[in-house]
Every structure is written in structure tokens, then in C-alpha cells.
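Notes follow once the structure below has been shown.
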Amino acid sequence: MALSGVEIFKHLPKTNCKKCGYPTCLAFAMKLAALQESTDKCPDLSEEAKKFLGAAAEPPIKGITLGPKGIKVGEETVLSRHEKKFVNPCPIALNIKDTEGADAIGKHIADVNSSEIDRVGQMLRVDLVCITDESGDPAKFAAVVKQVADGAPNAGLILNSSNPASIEAAIGHCADKKPLVYGANAENLDAMVKIAKEKKVALGIYAKGLDALSDLSEKAKGMGITDIVLDSGARTAKEMVEEYTMIRRAALKKSFKPLGFPVISFVGRDDSTLEAAVASIGIMKYASIIVVNSIEKWKTLALLTLRQNIYTDPQVPMQVEQKIYKIGDANENSPLLITTNFSLTYFIVRGEIENSKVPCWLAIMNVEGLSVLTAWAAGKFVAGSISNFIKDSEASKLVAKKELILPGYVSVLSGSLEDKLGDGWKVVVGPREANQLPAFLKGRA
Amino acid sequence: MPFVIPKDTYAGKVNALTFGSGDKAVTVGGENGLPFLSFECSIPNRPLIAIEIQDVAPSDWPDTVRKAYDGVSESPAKWARFCQDSLGAKIVALRLAGTHPDRENRSAEDAVKTVTEVLSAIDVPLMILGSGHIEKDAQVLKAAAEAAKGRECILGKAQEENYKTIVTAAIANNHKLIAMSQLDVNLAKQLNILITQMGFNKDNIIMDPMSSALGYGIEYTYSVMERIRQAALVQNDPMMQTPLLCDIGPNVWKTKESAAPESELPEWGALTERGIVWESITASTMIMAGCNLLVMRHPKAIETVNKLVSELI
Ligand code: B12
Ligand code: SF4
């Protein structure tokens, strides 16, 4: 739990010596409470105070890094996204059984390797593979782990077995890739902890229900494990919502340390569309890692899109840089279009221009990430500001004919914009919807 | 350190709204806590789905969803009965899309005829939706409300610019009302206040916060709905306690994801499944934010969401 300035003040030397750069210890305490300063600025802090303040400054949900590409999970700070941005988007993991056979597994590997999609400028993909020990045979499990580690070198791995011998056999193939060893439980804890400590990897722990899970977590911590991932055994959507809400509330509101860790969620279903729907519940309701049984392209597109939506900053819409973008082989005879710097708007419009195969100049104006109509209604995408932007960006040097194509929804601006621009500029009203752009552009070419 | 279930207590409760007539009447809302947290609140009624039909053939729907209604969608009455008898619809939502001046510009009399035919084809409750055209909706919904008297339909959508006529018609003919505002907590509350100031019982309102599709601003709707629900339950604001409606079909089925062929975008995968999952996940997102009543289109998406709700309850 975050400490108040007064609580922190109690632990400071109270000499007001100013060595920290602040006039009083209290002023410094306030800065610490606002997370704008760090304790090491005060040279006179007692060891005890350092320990106390250090523990209080720890994030209530621990951050853990997985995989060769360093995917961070955990470190969430709120229950609702309108309070503050959700921090670390939950990776999607494909579950593979070690009994599926080399060919089927080869196909899974290929699917993972080609899972990347570009969504409003972000590259999103299936980041993890979970290898499940179905065979009970350590040698077989290890061989499959090796096949996946070699075949999908960029993916992070989850080694899913409750048999320490299997983990022991497999981990040599991937210990340097920051895998998650999943499968510690009340019975095998000692052996699993030993491996995790030796190989310095995160440990996933399983116990049915939050009482048992808290006990197990305490024990693992007591044995020196710091990177823990929790599985409360929630498998139905109801259990997921209820238990993950309890876990997050306990960690954030009650500073309950045993549950202050990321959560792993297994949502496998035979019906792939239903699996997607259940996975969506995990994305919204606090799962940190989601393990699915299949990754058809249509399904990952939907899940990764939802994840992107839920994890956007509610205060700052996704934006692109203000400038004039060159699309295709645009030259001085190519049309010049304008729109706003809201990522969604930019990528939709850009996509349709690319579809048209007509090279264009696309002027993107900074309106703090608002859509065309929202920016217009907010007074940010209006004749005066557009005209200033076009002049400052020296658009007239790029095109021979001074002609600017305006989004159809703001056609009302065309007259006043032409006046403001002057200098022989002509304003052309484009179509309303971007999907009409290809026909419009081809019609003019 | 023993684990103690961190329970929240809620001051308020969502109104329960019953509509339809006879033994097929249904109820939504009534919960006194945030969505699906039944360890700390009671959820007497599950979220329901109304299946959308139209007064004109759905020529503007993409293939994936249009094909699901081949052979019935030429006739609204046939289509309605198919939804009730073959798809097990608990509610049918008739959108009078053809009354829009930019579409077939059908008249209020045409709409009355359609409403009457549909009502005689089904006994589950009916939701009557206008085309979204402010002035025309006022005319059309007034006439439709009279034609549907006695069936306790849900009528909508009343917006800030046209609510007066629609509210009057709903009062006179004993219907429930959808109050739609544009993605803003305060505007939503304001419209509820305006409507109740006309003497309309607030317990008969369902609020449409304006839904969006997955990938197209759904996070705005999600957060606006979460805030409306918190205002209702935590702050106990009576003007925010109406149940929530999300009419997701039009937004979902106009996205590129629901219509672009796989040949054009191989990285997006199979088209049919893509449209269905797009509608399913848009719906699951809305119910997690507190939606009580969904309006949906594709039978497979509807089936998926019904299964999901059964798992959640
Ligand atoms: C989400 C949303 C918001 C979000 C902001 C999201 C954002 N980042 O912009 C929030 C909630 C913050 C918001 C606030 C407001 N909003 Co608002 N908002 C919307 C909403 C629902 C969707 C906007 C959106 O994301 N569209 C998607 C993008 C991709 O669309 P787009 O940029 O227009 O691009 C399309 C076309 O214009 C075209 N296009 C784009 N560029 C170009 C370029 C060329 C050359 C061509 C040819 C075509 C083209 O292609 C795109 C796809 O077809 C719309 C309603 C609606 N359904 O449109 C209202 C809407 C835009 N908002 C509106 C209003 C009034 C407001 C507010 C002033 C009032 C309020 N409710 O508080 C505030 C202003 C904000 C401020 N800072 O002051 C009005 C606009 C008024 C009008 N037209 O009369 C709308 C239309 C709602 C309404 N009917 O009342 N809003
Ligand atoms: S350096 Fe430490 S003791 Fe000195 S004023 Fe700052 S907080 Fe107080």
C-alpha cells in the first residue's frame, strides 16, 4: 500500500538538514509519497528506515520478466482501467501437449512463428508456448521442449509439469530463455523450488482455492523464491472473474503479500470461439498470462485487439507523429490528404490509401489523438489550426498543385479553410468513410 | 497470514426491468453489485440477448451474417418466428431500418404494418428500434408504439433531440424505453433526468451508453459503462440505476474485420469465424462492463455468448 507523506515523515531523521535538496524533512516526505523522489537522496536515513520504506515502495503486484524477448507481466496498480492505465499486457500462450507428435508440434511452432499482426502500428503476437507434460515421460517432455525452444527461438516457454524429474530433464534446453516453471504444488514444492532457485527462473504455483494458494505462496517465498506466478485453479469464467478479482483486491487494497503476484489462467475449451470468449474475460479481469489451446489467426486477431484496447491509456489516446507521410511513390503530382493524429484514424485512412494503390501524401495533424469529428467538436481540427499546420509543414513544397483533400465529415470547413490558406490553395471535400477512398482516389487519377 | 475474502459492499442496486406480456415476459437487471461478483452480491437475472431482425431484407449486412437468415429475411414475420422457434430467442429486436430517408424511406404506416405482422408471429417480447434518424424515428416510433399497445415492448431509441415524442408515446401505450446518449456518463444521467421529468417512471428505462465494436473504440464504451455502474452501486445515484443495453450488431458488422475476405488479408484468418468471434467478444466485453441486454445478429455468436453467460452465472 502506498504510504502517506506523514507516515513516511515518521521514519525520516527530522533534522531538516536540507542535504536532500528540500527545505524540510516533511517536504521531502511529501515528494516521496508522490513517488517523485527516491529515498537515497537523504544520506542520513537509518538502516531500519531504509528497509521499511523500501518494502513499502515495492509494487503491490510483483513484476516478472519472461522469455528471450523479456516480456513483463504483473505490476498492475488498479482495478478499473478508467482510474489509471493497465500496465503490462497479458501475453497469450499456446498450449502444446508433448504427446501430439513431432509433425503436429512442428505445425504449432510454425503457427506461433507466423502469429504476428500489425494493429494500429503495434506489432502483436503469440508470445509464449506452454508445453504440457501429458506423457509423464521426462525424456519425451524434454525432447519436445527442445524442439519448441529450437523451432520458436523468440517465444518464451512455460514448462508445465508437476513432475520435478520432467522439469529437471527439460530445463537444460531453455534455462537461458527465462522460462516459467509451472507446476509447483503442495506435494512437490521442495523439489520445484530447488530447481527454480538453481536455474534462477520464475515458479508457477498451483493450489485450488485462495486459502491454499496463499499458504503455498508464503511457503515458496519462505524458501527464497521471489518470482512467483499464481494459479488458483479457476477454470470456469465465473471462477476466473471472482477469484482474480479477489486476488487483485487483496494485493492492492489489503497489501496482502502472498497474493501480490501475476496470475496464470488456463482457458482451454474444445469450442474455439467459446475459448476466445472465455479468454476475453481473462484479458479484462486481471489474468497476467492466458494459456489457450489453439491460435487460429482470426482468434488471435480478436484477442490481441481486445488486449490492446483494454491496455490503452484512458487519458492519452494512441497517437501518431504529426507530419506529412509519404505513401507509395508519391511525387509532386500526387494528391495531398489531411486527417488527425488519432492512431485508429491514421491507420484506417492509410490502409485504404494503400488499398487504392494511388501514391499519396497524407498530412497528419496533431489534435492530441482525437478522431476527426471529435477533434472538430473540440475545436481542434478547424480552419485556423489546419491552415497554420499546412503552412508550417511547408506542404506547398511537396505538391505542384495546391490542393488539399478534406475528410467528408468536416465538409463544413472547406470554405473557411480555403480563405485561411489563401495563396491559391483549393480545398476538395473527400468521401465521409475511408472505405470509399479507393474509388475516390482512382476516380481522380 | 490467513487469506480473508476482500468483499465490497454496495449502497445501490440496478433496477429490474420486466417487459413483454404473458408467460414469455422477461426481466433484466436487479443486481446489487458489480458484474458477476456473486460472492458479494445477488444477481437475480442473467444478461439476455435480443436477436435482431429488420423490416427490410438485410442487403447491407456482410455475407457471413446475411447467409444465416437466407430464406427467412425477406419477410419480417417469418424472420421473427425463425428467431423465436428455431434459434430460441427470448426477445426479438425489430429494427425499422427501412424507414430511414436515405434507405427505402418507408412510412410510419409501413412500419405499423410490419410491427403488427411481427407481433402476431411471435409471443416472446419485442423490442422496436427506429432507424436512428432523429426526426423520422419520432414519427415512426409513435405510430409503432400505438400498434404494439398491450405487448409491453421496449421502444427506442430516445435521444436528447427527440425524446419528447417517444416518451409520450411510450407512456400512452405502456411500453418501456431505451434512452441513448453519446458515450458520456453525465449525458446519460442528464437524459434519464429529462425523461423522468416528463412523468415517465425511471424503472421503465433501459440506458444505451452507445456501444462500439472491438477494435473501434470499445474501450471508451467499456469505461463509460464501468463508471455508470459504479455511480449506480457505489455512489447510489438513482439516476444511474437503470439497466444497460448494448446494440452491437451495426457496429460489429460494419468493421473491416467482419467483411474482408481471407484472400485479401491472409494474416487475419478465416472470414466466417472472424466475424463471429468479433461479435462474440464485443458482446463479452459489454457484459463484463455491466450490460444487461444485448442486441445481436449472428446465431453462432449468440450461442457462444449464451454459453459464456451460463458459465459466468
Ligand atoms: C469515441 C468518441 C469520443 C471519445 C474520443 C475518442 C478519440 N480518441 O477521438 C471521447 C469520449 C473522449 C469523446 C469526446 C467528445 N466527443 Co465524441 N465521439 C466518439 C465517437 C463515439 C467515435 C469517434 C471515433 O473514434 N471514430 C472512429 C474514427 C476512425 O473516425 P474518424 O476519425 O472520423 O475517421 C473516419 C472518417 O472520418 C474517415 N476519414 C478520416 N480521415 C479522413 C481523411 C480523408 C481525406 C477522408 C476522405 C476521410 C477520412 O475515415 C474514418 C473511417 O471511415 C463519435 C461518434 C461516432 N460514432 O462517430 C463521437 C463524436 C465524434 N463525438 C462528438 C462530441 C460532440 C464530443 C464532445 C465535444 C462532447 C462530449 N461528449 O463530451 C467531446 C469532445 C472531446 C474533447 N476533448 O473536448 C460528436 C461530434 C459532433 C458532431 N459531428 O456534431 C460525435 C459525432 C458524437 C455525436 N453524434 O454527438 N468522443
Ligand atoms: S536530507 Fe534527510 S534529514 Fe536532511 S532534510 Fe532531507 S530528509 Fe531531512
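The values are calculated or read from the model by the stated rules, or taken from the named source; none is laboratory data. Values in this document were obtained by computation on a predicted structure and should not be read as measured data. Glycine gets a Cβ as well: all are built from the backbone with ideal geometry, and neighbour counts include every protein chain shown.
In the condition set (1) within 13 Å of ligand 1 (Cβ to nearest atom); (2) out of contact with any strand residue (DSSP E or B) (no Cβ under 8 Å at 6 or more places or on another chain), A:SER343 is compliant with all but (2). Restricting attention to the range A:425-444, which residues are among the charged types (D, E, K, R) and either within 14 Å of chain B (Cβ to nearest Cβ) or near ligand 1 (Cβ under 8 Å from one of its atoms) (or both)? Listed by number, the residues that qualify are A:ARG432, A:GLU433. Among the residues of the range B:242-290, what is the count of those that are in a helix (DSSP H, G or I), facing chain A (nearest Cβ under 9 Å) and among the small types (Gly, Ala, Ser)? Residues that pass the stated criteria total 4. Every listed requirement among (1) at the interface with chain B (Cβ under 9 Å from one of its Cβ atoms); (2) closer than 30 Å to A:SER396 by Cα; (3) touching a Lys or Arg at 6+ places or on another chain (Cβ under 6 Å) is met by A:VAL367 save one, (1). When each of A:GLU76, A:GLU37 is tested for being in contact with a helix residue (DSSP H, G or I) (Cβ under 9 Å, 6 or more places away or on another chain) and more than 12 Å from ligand 2 (Cβ to nearest atom), the lone residue that passes is A:GLU76. The residues of the range A:304-334 that are over 12 Å from the mean Cα position of the chain (by Cα) and not in a loop (DSSP other than H, G, I, E, B), listed by number, are A:GLN319, A:LYS323, A:ILE324, A:TYR325, A:LYS326, A:ILE327. If I filter the range B:47-68 for residues that are touching a Cys at 6+ places or on another chain (Cβ under 9 Å), within 14 Å of another protein chain (Cβ to nearest Cβ) and of a type in the set (Asp, Glu), do I get at least one hit? Within the range B:47-68 (the criterion being touching a Cys at 6+ places or on another chain (Cβ under 9 Å), within 14 Å of another protein chain (Cβ to nearest Cβ) and of a type in the set (Asp, Glu)), the answer is no, since none of the residues qualifies. When the range B:11-40 is filtered for residues that are within 14 Å of chain A (Cβ to nearest Cβ) and either among the small types (Gly, Ala, Ser) or closer than 18 Å to B:LEU244 by Cα (or both), the ones remaining, listed by number, are B:GLU31, B:GLY33, B:LEU34, B:PRO35, B:PHE36, B:LEU37, B:SER38. Residues that are among the polar types (S, T, N, Q) and crowded, with 24+ Cβ neighbours inside 10 Å within the range A:240-272 comprise just one, A:SER265.
Condition check for B:GLU219 on (1) without any contact (Cβ under 8 Å) to a residue 12 or more places away in the chain; (2) more than 18 Å from B:ASP184 (Cα to Cα): one failure, at (2). Among the residues of the range A:363-398, those that are of a type outside the set (Gly, Ala, Ser), more than 8 Å from ligand 1 (Cβ to nearest atom) and within 32 Å of the chain's Cα centre (by Cα) comprise A:ILE364, A:MET365, A:ASN366, A:VAL367, A:PHE381. For A:GLY328, indicate whether it is touching a strand residue (DSSP E or B) at 6+ places or on another chain (Cβ under 8 Å) and at pLDDT below 95. Against the criterion (touching a strand residue (DSSP E or B) at 6+ places or on another chain (Cβ under 8 Å) and at pLDDT below 95), A:GLY328 qualifies.
Which of the following residues is outside any helix (DSSP H, G or I) and touching a residue at least 12 places away in the same chain (Cβ under 8 Å): B:LYS136, B:LYS157? B:LYS157 is the lone residue from the list that is outside any helix (DSSP H, G or I) and touching a residue at least 12 places away in the same chain (Cβ under 8 Å). Against the condition within 14 Å of chain B (Cβ to nearest Cβ), of a type in the set (S, T, N, Q) and away from ligand 1 (no atom under 16 Å from the Cβ), how does A:SER114 come out, does it pass? Yes: the conditions hold for A:SER114.
For first residues located in the range B:174-190 and closer than 18 Å to B:GLY132 by Cα and modelled with pLDDT of 95 or more, partners that are more than 8 Å from ligand 1 (Cβ to nearest atom) and aromatic (Phe, Trp, Tyr) and lie 6+ apart or on another chain with Cβ distances below 8 Å form the pairs B:LYS176/B:PHE19; B:LEU177/B:PHE200; B:ALA179/B:TYR163. Taking (1) within 30 Å of A:TYR346 (Cβ to Cβ); (2) surrounded by 19 or more Cβ atoms within 10 Å (Cβ to Cβ); (3) basic (Lys, Arg); (4) within 11 Å of chain A (Cβ to nearest Cβ) in turn, B:ARG297 satisfies each apart from (4).
Within the option set A:THR99, A:THR39, being modelled with pLDDT under 90 and either more than 16 Å from ligand 1 (Cβ to nearest atom) or closer than 30 Å to A:LYS140 by Cβ (or both) holds for one residue only, A:THR39.
So is A:LYS401 more than 20 Å from A:TRP376 (Cβ to Cβ), within 41 Å of the chain's Cα centre (by Cα) and at pLDDT below 95 or not? Answer is no for this residue.
Taken over the range A:284-303, the criterion of being under 19 Å from the mean Cα position of the chain (by Cα), within 23 Å of A:LYS208 (Cβ to Cβ) and more than 9 Å from every other protein chain (Cβ to nearest Cβ) is satisfied by A:TYR286, A:ALA287, A:SER288, A:ILE289, A:ILE290, A:VAL291, A:VAL292.
Scanning the range B:67-80 for residues that are assigned to a helix (DSSP H, G or I) and more than 19 Å from the chain's Cα centre (by Cα) yields B:LYS67, B:ALA68, B:TYR69, B:ALA77, B:LYS78. Return a yes/no flag: does the range B:95-111 have any residue that is closer than 23 Å to B:PHE200 by Cα and within 16 Å of the chain's Cα centre (by Cα). Within the range B:95-111, none of the residues are closer than 23 Å to B:PHE200 by Cα and within 16 Å of the chain's Cα centre (by Cα). Among the residues making up the range A:15-34, those that are in contact (Cβ under 8 Å) with a residue 24 or more places away in the chain and within 8 Å of ligand 2 (Cβ to nearest atom) are A:THR15, A:CYS17, A:LYS19, A:ALA29. Set side by side, the residues B:ARG151, B:ARG103, B:ARG81, B:ARG66 differ, and just one is over 27 Å from B:CYS291 (Cβ atoms) and surrounded by fewer than 24 Cβ atoms within 10 Å (Cβ to Cβ), which is B:ARG103.
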